[in-house]
Structures are given as structure tokens and as C-alpha cells.
Amino acid sequence: MTNPHDETEIEAERRFVPKPKDIDSDIAWAEINADVMRSLERPRPLFWFIFFGSLALFLWGCYCEVIQYRTGLGIAAMENPHVWGLYIATFIFWIGMSHSGTLLSAILHIMHADWRKPIYRFAEAMTTFSLMTAGLFVLVHLGRIWQFYYVVAYPNERWAWPNFSSPLVWDATAIGSYLTTSVIFLYFGMIPDLAICRDEAHGIRRLFYRAMSVGWMGTDRQWSNFRITYLTIGCLLIPLAVSVHSIVATDFAVSQQPGWHTTSFPPYFVAGALYSGCAAIITLFIILRYTFRFEQYMTIPILEKLCKLTFAISMVWTYLNFIEYASVWYGTDQYAKNALIYRATGTYAGFWWAMNILGSIVPFALTFKALRTHIPTMMVVSLLLNLGMWIERFMIVTPTFAHGYYPWMWTDWWWPNYIQVGIILGSFGWFTMLFMLFCKIFPSVSMYEVKEMVYHRRLSKKHRAAHAPAQPLAPQPQQEAT
Amino acid sequence: MSFDNLTANWSKLRIKRPKIDQYKEAPYKWAMVIDLDACTGCNACTTACYAENNLPVVGKDRFLAGHQMHWIRIERYWGEGSKHTHEFPEKGAQFLPMMCQQCEAAPCEIVCPVGATHHTPDGLNSQVYNRCVGSRYCSANCPYKVRYFNWYNYPETSWPNPLEQQLNPDVTVRTKGVMEKCTFCVQRLNDAKSKARTEGRTVRDGEVLTACAQACPSSAIHFGNLADPSSTVAKMWMAQQVELADFPQKKDEQREQDEKLAKNDAVVRGYRIFEDLRTFPSVVYLERIRSSEV
């Protein structure tokens, strides 16, 4: 037992920082199972509303894509010199969304941030689905979509290889490997939970979960192998995630155009990706919390931590954004400087200022505890942040086309029409549809890791009760009185 | 592809990067000189190009929507001192015919994901329509914006029967979703080259002209083989002190060093557009020095 007069022990007690209560310590394990399993059954009306709404959007997007496929890209209001339109901007947006899942599940896993445990599963699913959506945009964007496989480096009879110096080929390779690894990581982390589903489900669903849980028995040997493999894939995933968005940034940085030819683009893009991804996680956090009644697991303290993380990343993004402006402003490249001035004062100035305000000033709302814990406000703020990040991508792509090197091709204003907007809305529908389907088929909260969390909390509670000094030596915070 | 090929022949996978002067020993280097002093902005070159290269006429609406397909375009600029009035807004314009500059270090070649655009040994920046997937990255990276994309399936609409009879049989008709641009009339060049090869010689100066150079009524466009020092174009490049692969150009350096050379400016008036981007274009423009209007 502790000697209350031991100086080191007293010092340790004094320095004890109470951990915020992420999750209750008295949730029974059967209750966790029951709560999560309930999310797989009997959809509520809100679920059907979101699902059919997104399905309708997706079908509208398909309709627009069919028109574009049959007629040619001209029908989508693309023109000279605006040859990329919104598709590439939205492609970067979706690639960016895919980074948060890796941040939560792999990076925070390695850093032992336990609060990620109830929310990383759906973030990981978000990664997978947004990568799939981004991949679709590459295809939709191509003029001859039926020959997209020319871009993929595969051995073929004609010895015709892609041009390995083109960033688009790097893109295809990087996105392919990132998507593959993400799917493996997502599925692998789910195996213990799928075994729980197998034990609880009946009929054909039992067969499905039995096949998916690949004979998971929960033995010590299985757990040990599972931990090691999970960590290994996680470590593999982190450099992939960073490389994917760096490579997407090289699409612009490698090119020569004013406003794109910037060395700082890769870290800038990665920061922007993590930023928009975290904001999207907040949005989905709130939606899932209400749709599936996960209040007990997706708690306010976790939301708060997520908000703090988002704020930190937003400041990194702001810094990188600012040094990009500064390096252009104090640089000698007159074309790039003109492009920057055009962005701030030209026809797209409204978007530029909106991007800077939404991206750099709105996140300061996250510094107030009252706002951080107020869920409707957080919903609005997270959507605003994502809107800002979408505008950021739009501002990277479009003004350079409008105001590039050649004055003859300067165009004052370009705006997409219903085909492009329809396909972009369709992509949001496709993403939401896949996500809602995922939540109905697979457990969107990691059961075994929530149990770990509850277990650790119980342990630390016990520990504190056992080690509590006879009399408090220093004024303790209120919630520490046990 | 057999497994042996896959394991044995990796050197074949390497693609040679476009490099300045990589085909220095080649017998041909097609180049152009455009005299802006002589250009009257009559658009005959554009018309000739439409006829020669099977360019679709897209119509007024699509033209205004930015779907034009002219491989060579006449740009109009109004300078500070131009007498341009509301009554005659076109008055006092300066003209600049703009087509693919056939850059020696072309920005478009590096970024094409499938290698559909690449450098030929005779200095052309060629476009392989069959290989193009339509990512439009080349156009995004082109500083001159001289690449034109097939936004619609023009062969279906542009030449209704019997107009398809007037198509040039030597030139491919492009379908929707591929990029195209000025080729320096590569079909004529190949024709002349094979004819010369049969006769065991190289192509003579003036034997082959691009359609625009042929149609130009004021002979503003000169076309020829830069590798042949006796050709008109090579002589003009030499007279204008323009070197293909030099950056910065010696003439510009000299001008800064020696003020005395400034009086020669009237003679040395050749420049290439966006020299400082180091794309090393094959087209030299001669500055307009006349003050009178056309």
C-alpha cells in the first residue's frame, strides 16, 4: 500500500491530471453488443430518409453521366481553356476526405489515443468510400472513359506503357494501392466484431457473418496475431496516405502553370486533406449519433477532442496557406504573383475570401467550449469547414485556367451547368448511399475496442480508489471525488 | 506478353524523356518564322488549315461557348497608341497568328499519362489520337493554350452528306474525347520525305509547305527545315540571332551588355513567345515595326 508520507508518491498524486470522462465505466459488455447489433437491424425512418435521398441523388448523377457519355464532354459546359471544370476540384476534395480515416485509425492508433476507439470504424469506412468516389471522378473526367486502362501500368501485348513521368500515372498507382490497403485494413480491424455478429445473428445473416469472420474464435494466439498484423497494416497505411495526397498535389506542382507551380503544394494538400476529413468526421459523427442512438459511445468529450484536433489541423493548414501566399508574394515569379493577385481581386475574389474566412477564421469557433459541445452548432461549423475546403480546391483549379499565362485565353467568368453539378451531387449521393449501407451491414462502432476502453476506465478507477490518499493533499477538481 | 519478356527486357520500359537537342543529328528539324510586319490578319491561314486538316466547323453557338477547333488562330491586340474608336472597334489591331509552337521541351509531353503526345526525331510534337484517353492534362499545362479538345462527336454532325467527300483523305477524322492540335501538316511532311527518300536525297527547301504558309497572301509565314543551313528558315533564324536551345538568348544578353547593339534592334526583331519558360518553341515571330495600319 501507499505510504502517504512518501514524498515521491505525494508528488505523483499532486501531478495527477484527471482524464476527461470519454465513456462511462459501468456499461455492461452485453449492452455494448446489444446496442451496436441494434444498429444493424430494423432501420429507423431517418435511415430510410437519408438512404433514399442519397439514392435519388446518385441516380440523378448517373443520368447526367449517361448524357455526358453519349454526347461528349462539351455538354458539361467545359470549354477552352476551362478544360478541367469542377471534376478535378471535386476529385481532390474526395481524396482529401479519405485521409481522416487513416489519421484516426492508424496514426492515432500508433499514438495510443484511446478516444478514437468508438469512432474510428466509420472514419475508416469513410476513407474507403471517399476513395472509391474519387476514383469515379477520374473516370468521369476522362474524354474517352472506355479506354481508361491505358493509364494503368499493366503488362500488355503491345509493349505500350503509360508515361511514367506523368503525375496522373502516379495518381492511378497511388490511389489503387491506397484503396486496396484501406479496404484490407477496414476489413481486418472488423474481424472480431464480425465474430460477435456471427454469434448473435440468425439465418442467412449468420452464414454471411460466419464467412466474413473467417473462423475467429478469440483465442490468445488469434488475438496476438491480430494485434501484430493490424499494427503492421496501420504502419503501411500511413506513408501511403501521405503519398497519395502529395501525388495529387504534384498534379499541380509538376505542371508549369502560374498558381500551380508551387513546391509547398504537397504538405499544403495533405494538411487540407486532414482538415476536411476531420470536419467530415464531425458531420458523420453527429449523423450517426442520432441515426443509430449511439449517444453512449459517441460522447460529447470525444466530440470535443475531435474538435480540438480539427482546430489544430486547421491552424496547420492556415500556416501552410499563408506561406504559400508569402512565398509567391516575395518571390520573383511575376506570373505566379499575378495569379495570386487575380485570385484575391479578380472575378473569383468572392470565392477566395470565402475560402480564407471559412478555412482560417471559422475554425476559431472550435476554441470555445460552449460551441464545441453544442451539437447543432458543430454540425453547421463542420459543414462550413468542408464547404470552405471544397472552395479551396475550386480556387486552386479554376482561376489558373481563367487567368493563365496566355492573355488571349483569359476568360472573365466560367460556371458549370447542370450536368457537372448533377454529377457532383450524384457523387455525394453515391458516397452517402454506400456509407449508410455499410452502417447497416457492418458494425459501425468497434465493439471490442469500446470494451477495451470501458475496461481501462474501470481499471483506472479501481487504481485511483486504491491509491487515493487519506486526505486530499491538493485541491482536487470536482469530478475526481469518487 | 510472355513471362520471359517481362523478366528480361526491362530496358524497353524506359521512355526517353524529351530533351533539347536530343535529335541533333537528325536530317530534319521543322521550324517556322512568322513576320508580324507582313501579317494582315486576313485569316486565310485559318481557312486553309480547316480545309487541309479536316477541322470541324462547330457553328456560332459552340464557338462562342469555347468549343472552337481552329488549330491556327489570329489574335488581335490593341496597343496603347492604337487608334481604336467606338465607330470602328477593329481598327488599329495588331495580329498574331498562333498555333502549336512545337516546343523542343514541351510541357504537354511530360504530363500526358499515356504518352499520346511525344517528340518525333524531326522536331515535331506529335499527337497520337488512338492513344489519347482525353485527360486534357496537356491542354492544362500548355502555356500557349493551343490544344483543342473534341468536346462533341464532330464527324457525326460537321460534314453532312455529301460534304464528307471534301475531307482530306490523308488526315484522320477525330472522334469525341481526344485532344488535337497543329501538326505542322505532318501528312505533307511525310509525303515529301518519302518522295525524297525514293529519290535518294533530303527534302529541298520550299519543296514542302504547311497549308497556312502556302495560303498566306503576304508571305508572312515561312516554313522549312532548320537542320538545313541553306534553307530560308535557317537563314532567317540566323539573321535574327535566335538559337533553338539557348536560354537566355545570346542576342538578349548582348543587348544588355552592349548598348551599341541597340541600334540593330530594327533588324534583330525575332523572338519566341514565353522564352523564359524554356519551352524552346520552334516558331520565331518577327516583331512588328511598321507604324502604319494595314
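What tally of residues in region B:177-212 results from selecting those that are over 19 Å from residue B:282 (Cα atoms) and in contact with a Leu (Cβ under 8 Å, 6 or more places away or on another chain)?
Residues meeting the conditions: 1.
Within region B:143-185, track down each residue that is within 23 Å of the chain's Cα centre (by Cα), β-branched (Val, Ile, Thr) and surrounded by fewer than 20 Cβ atoms within 10 Å (Cβ to Cβ).
B:171, B:172, B:173, B:175
Just for region A:304-358: of the residues that are over 25 Å from residue A:377 (Cβ atoms) and of a type in the set (Asp, Glu), which one is modelled with the lowest pLDDT?
Filtering first and then ranking leaves A:333.
Taking interchain pairs and intrachain pairs at least six residues apart, which have beta carbon atoms under 8 angstrom, with the first residue in region A:149-171 and more than 7 Å from chain B (Cβ to nearest Cβ) and the second part of a loop (DSSP other than H, G, I, E, B) and basic (Lys, Arg)?
Filtered contacts from region A:149-171: A:160/B:131.
Between a residue in region B:65-77 that is facing chain A (nearest Cβ under 8 Å) and under 14 Å from residue A:410 (Cα atoms) and any residue that is outside any strand (DSSP E or B) and of a type in the set (S, T, N, Q), which pairs come within a Cβ distance under 6 Å, given they are 6 or more apart or on different chains?
If the second residue must be outside any strand (DSSP E or B) and of a type in the set (S, T, N, Q), the pairs left are B:66/A:80.
Just checking, how many residues over region B:138-163 are in a loop (DSSP other than H, G, I, E, B) and either acidic (Asp, Glu) or at the interface with chain A (Cβ under 8 Å from one of its Cβ atoms) (or both)?
Summing the residues that are in a loop (DSSP other than H, G, I, E, B) and either acidic (Asp, Glu) or at the interface with chain A (Cβ under 8 Å from one of its Cβ atoms) (or both) in region B:138-163 gives 7.
For residue A:80, work out the one condition from (1) within 30 Å of residue B:142 (Cα to Cα); (2) surrounded by fewer than 23 Cβ atoms within 10 Å (Cβ to Cβ); (3) within 20 Å of the chain's Cα centre (by Cα) it doesn't fulfil.
Condition (3) is where residue A:80 drops out.
In region B:197-226, which residues are outside any loop (DSSP other than H, G, I, E, B) and within 19 Å of residue B:182 (Cβ to Cβ)?
B:211, B:212, B:213, B:214, B:215, B:221, B:222, B:223, B:224, B:225
How many of the residues making up region A:422-463 are out of contact with any Asp or Glu (no Cβ under 9 Å at 6 or more places or on another chain) and of a type outside the set (Ser, Thr, Tyr)?
Residues flagged as out of contact with any Asp or Glu (no Cβ under 9 Å at 6 or more places or on another chain) and of a type outside the set (Ser, Thr, Tyr) within region A:422-463 amount to 20.
Has region A:115-129 got any residue that is more than 19 Å from residue A:446 (Cβ to Cβ) and at pLDDT 90 or above?
no
Condition check: more than 19 Å from residue A:417 (Cβ to Cβ) and either of a type outside the set (Ser, Thr, Tyr) or out of contact with any Leu (no Cβ under 7 Å at 6 or more places or on another chain) (or both). Does residue A:89 satisfy that?
no
In region B:228-238, which residues are buried (at least 20 other Cβ atoms within 10 Å of the Cβ) and of a type outside the set (S, T, N, Q)?
Scanning region B:228-238 gives B:233, B:236, B:237.
Just to be sure, is residue A:206 at pLDDT below 90, among the basic types (Lys, Arg) and farther than 23 Å from residue A:110 by Cβ?
no
Would you mind stating whether residue A:459 is surrounded by fewer than 16 Cβ atoms within 10 Å (Cβ to Cβ) and under 16 Å from residue A:284 (Cα atoms)?
no
Being over 21 Å from residue A:310 (Cβ atoms) and either part of a loop (DSSP other than H, G, I, E, B) or within 14 Å of another protein chain (Cβ to nearest Cβ) (or both) is the filter here, so list the residues in region A:79-134 that pass it.
Scanning region A:79-134 gives A:79, A:80, A:81, A:82, A:83, A:84, A:85, A:86, A:87, A:88, A:89, A:91.
Would you call residue A:275 modelled with pLDDT of 90 or more and of a type in the set (Phe, Trp, Tyr)?
yes
With (1) crowded, with 17+ Cβ neighbours inside 10 Å; (2) modelled with pLDDT of 90 or more as the list, and residue B:241 as the residue in question, which single condition is left unmet?
It is condition (2) that residue B:241 fails.
Give the residues of region B:87-137 that are within 26 Å of residue B:35 (Cα to Cα), surrounded by 20 or more Cβ atoms within 10 Å (Cβ to Cβ) and among the charged types (D, E, K, R), sorted by residue number.
Correct list: B:104, B:122.
Looking only at region A:26-73, which residues are within 28 Å of the chain's Cα centre (by Cα), buried (at least 19 other Cβ atoms within 10 Å of the Cβ) and over 22 Å from residue A:298 (Cα atoms)?
If the condition is that a residue be within 28 Å of the chain's Cα centre (by Cα), buried (at least 19 other Cβ atoms within 10 Å of the Cβ) and over 22 Å from residue A:298 (Cα atoms), then A:54, A:57, A:58, A:61, A:64, A:65 are the ones that fit.
The values are calculated or read from the model by the stated rules, or taken from the named source; none is laboratory data. Only a predicted model underlies this, so the values are computations on that prediction, with no experimental measurement involved. Please note: Cβ atoms are built from the backbone with ideal geometry, for glycine as well, and neighbour counts cover all protein chains shown.
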